[in-house]
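Worksheet: the structure to be examined is printed underneath.
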Amino acid sequence: MTSETRPSEPDYDSVDDVLTDRPSGAPEVDLSDRYEFFRVIQGYLDDASKVVGLPAHLSEMLAQPKNELIVHFPVRMDDGTMQLFKGYRIQHNNLLGPYKGGLRFHQTVSLDDLKALATMMTWKCALMKIPFGGAKGGVKVDTRALSEDELMRVTRRFTHALGNNIGPNYDIPAPDVGTSGQVMVWIMDTYMNQVGHAAKNAQRAVVTGKTLTCGGSPGREKATAQGVVHCITEWAKDNRFDLEGKTAIIQGFGNVGSFSALLLSKLGVSTIATGDHTGYMRTTEGFNAHKLSEYVKRNGSIAGYEGGKSISREEFFATKADLFIPAALENQIGAAEAKALDVKLIAEGANGPCNPEGEKILVERGIPIIPDVLANSGGVTVSYYEWVQNLRSETWDLDEVDRRLEKTMRDAYQRVFTYAREKDITPRVAAYCLALEHLGQAYAERGIFP
Ligand code: NAD
């Protein structure tokens, strides 16, 4: 069975969302053109399964998450009213180690997207040979509409609702869109307080991406962007491309986008256009990455920043530059964007930024893509280092983390691109193939219980 023949599962979550979120009397919402992110990811799995000759029962097992948890939990708001929130944790696979993956707090969070993102975490950890499985979760909430106190209460009640479905040796969340080191610390603290005094301190590793004072690892905050930049420098080395004096455009200026701009600026690459949920901006001389990052930290977005000129989304995608780093959400690069892009390389900081139509056009146009599963795996790699430090009660210095991450990223980049060349497939499918070979070998050795 493949993604084409597999019966379309009703995405009861999105139907439910549409029904419950729709005010009475509002027109019915047509879900037929909804982007099916999970199906897209299943499609890549099918492509890679054929290349590596994965036994059919294994690709069937890996096409679905093991567990899909949905919780509803009440939170008292600042004005005294109670609001009910919906949270998720999707545990895709734990063959190689505990479930691992981010928590997304965003109004668009849906079951289908989280299933796709959880599945990608399994490939990422297997590709990087990290002893973790894959998971993803989140809360359907617009964090910008919450006060700091409300965000804390949403986080703590969500953690309470998840109960022992997470744990340092079972399922370990991390930051993703809309969550931060502070959110991870609230989760850690809530979880610790549920386990009793004697066991409390052993629970620090229940989440990664924590602040430094509360058990986080040096280098974790910039790790995803650092991994993206290691991939870019490896590509530049292989293609004899001098990065000094070159330009980049970056979509999304949160954790991954802002650190990418900062790290690229250290290599002499200037970011000449960027954008976020509020709009897009361009400047020919390049943004001061540090100033813009500080501005976004203070103001929550790039809106109102005076160092650039406002442009449309279309103008952003048509900006001529050397590099493009998507660092926002999935399904941002469709056919129109792929035709408009005028860049030499795309390094996917975001998960799933290219949809299949967009990717097809980019491949035809000969624009190389460093795929998400490889490019943004620096985050989970340093999360693994954080977990190891917590379990051993150690603190590594930044040099140690940087050295290990650089070696891991360069090695993974070379494995993916060599495999792609040898098999004449895209680096995306190559990354999936390497992950599947690792998982397939582990399944072959362990067998299936009973
Ligand atoms: P973040 O919340 O820090 O930043 C997200 C950015 O995207 C913000 O600038 C936001 O304004 C922007 N954005 C949101 N909606 C947008 C829209 N419709 N159009 C344009 N911009 C929009 O999140 P992040 O942690 O930087 O994550 C960004 C991407 O990187 C996501 O795809 C995430 O899954 C992926 N990723 C993150 C990590 C990590 O360690 N944080 C690791 C791997 C992958």
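Just a few scattered comments:
- For region 180-192, a residue qualifies if it is open to solvent by less than 20 Å² (accessible area, probe 1.4 Å), more than 11 Å from residue 215 (Cα to Cα) and within 16 Å of the ligand (Cβ to nearest atom), and the qualifying residues are 183, 187.
- Every condition in (1) in a loop (DSSP other than H, G, I, E, B); (2) within 12 Å of the ligand (Cβ to nearest atom); (3) closer than 14 Å to residue 277 by Cα holds for residue 316 except the one numbered (1).
- Strands (runs of 3 or more DSSP E) fully within region 196-283 that include at least 2 residues being under 27 Å from residue 182 (Cα atoms), within 13 Å of the ligand (Cβ to nearest atom) and at pLDDT 95 or above: 247-251, 270-276.
- Total residues in region 284-302, condition within 22 Å of residue 337 (Cβ to Cβ), out of contact with any helix residue (DSSP H, G or I) (no Cβ under 7 Å at 6 or more places or on another chain) and within 13 Å of the ligand (Cβ to nearest atom): 1
- Screening 219, 257, 275 for residues that are touching a strand residue (DSSP E or B) at 6+ places or on another chain (Cβ under 6 Å) and either open to solvent by 10 Å² or more (accessible area, probe 1.4 Å) or closer than 16 Å to residue 379 by Cβ (or both) leaves exactly one candidate, 257.
- Region 153-179 - residue that is closer than 21 Å to residue 107 by Cβ and not in a helix (DSSP H, G or I) and, of those, farthest from the ligand (Cβ to nearest atom): 173
Okay, residues lined up against (1) open to solvent by less than 20 Å² (accessible area, probe 1.4 Å); (2) within 16 Å of the ligand (Cβ to nearest atom):
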| residue | (1), (2) |
| --- | --- |
| 363 | no, no |
| 369 | yes, yes |
| 372 | yes, yes |
| 379 | yes, yes |
| 382 | yes, yes |
| 386 | yes, yes |
| 389 | yes, no |
| 393 | no, no |
| 396 | no, no |
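- When region 422-445 is filtered for residues that are in a helix (DSSP H, G or I) and either of a type in the set (Ser, Thr, Tyr) or in contact with a Pro (Cβ under 9 Å, 6 or more places away or on another chain) (or both), the ones remaining, listed by number, are 427, 428, 429, 430, 431, 432, 440, 443, 444.
- Considering the conditions (1) within 13 Å of the ligand (Cβ to nearest atom); (2) in a helix (DSSP H, G or I); (3) open to solvent by 20 Å² or more (accessible area, probe 1.4 Å), residue 329 is excluded by exactly one of them, (2).
- All conditions in (1) of a type outside the set (Ser, Thr, Tyr); (2) touching a residue at least 24 places away in the same chain (Cβ under 8 Å); (3) under 28 Å from residue 63 (Cα atoms) hold for residue 450, with the sole exception of (2).
- First in region 376-402 and closer than 18 Å to residue 412 by Cα, second anywhere and of a type in the set (Lys, Arg), Cβ under 6 Å, 6 or more apart: 377/124; 380/124; 382/220
- Filter result (within 22 Å of residue 74 (Cβ to Cβ) and either in contact with a helix residue (DSSP H, G or I) (Cβ under 7 Å, 6 or more places away or on another chain) or crowded, with 24+ Cβ neighbours inside 10 Å (or both)) within region 105-127: 105, 109, 110, 111, 114
- Of all the numbered requirements in (1) more than 16 Å from the ligand (Cβ to nearest atom); (2) in contact (Cβ under 8 Å) with a residue 12 or more places away in the chain; (3) open to solvent by 10 Å² or more (accessible area, probe 1.4 Å), residue 408 misses one, and that requirement is (1).
The values are calculated or read from the model by the stated rules, or taken from the named source; none is laboratory data. Every value quoted in this text rests on a predicted model; they were computed, and no experiment measured them. Cβ coordinates were reconstructed from backbone atoms using ideal geometry, including for glycine residues, and neighbour counts include every protein chain displayed. Accessible surface is based on the protein model in full, side chains and every heavy atom, while ligands, DNA and RNA are left aside. Shrake-Rupley method; radii C 1.70, N 1.55, O 1.52, S 1.80 Å.
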